Amino acid sequence: MPLVAETTGMKLIHISPSVLIEQIAPHDGVKCTANIYAGSKIKTGNINIRIAVADEYGDEYDWQEFSLPTQR
C-alpha cells in the first residue's frame, strides 16, 4: 500500500486516501497519485511530505521525504 503523510503536524493539510495494491506482476510497475489540499487558513511556510510503501503488516519500505512551500 502506498502511504503519503504530512509530517510537520500542519492540521490544515488534507491528503487523498491510499488504495491497496493487491498484486504487481514481475517486471511491471504501478504509478500512484495523491492529491494534497490545503485549507484556506494555511500559513506561509513549508510542510514535509513523506512517501512510503507498506506491506500487509504495516512495515514501511523505500520511504522518501521532501518539503513543499505553502502560502496563504
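The values are calculated or read from the model by the stated rules, or taken from the named source; none is laboratory data. From a predicted model like this one, the values you see are computed outputs, not experimental measurements. Neighbour counts run over all protein chains shown; Cβ positions are idealised from the backbone, glycine included.
Residues checked against (1) farther than 17 Å from TRP63 by Cα; (2) among the β-branched types (Val, Ile, Thr):
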site: THR33; (1), (2): no, yes
site: LYS41; (1), (2): yes, no
site: GLY45; (1), (2): yes, no
site: ARG50; (1), (2): no, no
site: VAL53; (1), (2): no, yes
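Among the residues of segment 30-72, count how many are within 23 Å of LYS11 (Cβ to Cβ), of a type in the set (A, V, I, L, M, F, W, C) and in a loop (DSSP other than H, G, I, E, B).
Final tally of qualifying residues: 2.
Counting only residues that are over 16 Å from GLN64 (Cβ atoms), modelled with pLDDT under 90 and either among the β-branched types (Val, Ile, Thr) or outside any loop (DSSP other than H, G, I, E, B) (or both), how many does segment 1-29 have?
3
Please work out if PRO69 is at pLDDT 90 or above, surrounded by fewer than 10 Cβ atoms within 10 Å (Cβ to Cβ) and out of contact with any helix residue (DSSP H, G or I) (no Cβ under 6 Å at 6 or more places or on another chain). Reasoning before the result, please.
On the way: at pLDDT 90 or above: yes; surrounded by fewer than 10 Cβ atoms within 10 Å (Cβ to Cβ): yes; out of contact with any helix residue (DSSP H, G or I) (no Cβ under 6 Å at 6 or more places or on another chain): yes.
For PRO69, the condition - at pLDDT 90 or above, surrounded by fewer than 10 Cβ atoms within 10 Å (Cβ to Cβ) and out of contact with any helix residue (DSSP H, G or I) (no Cβ under 6 Å at 6 or more places or on another chain) - is met.
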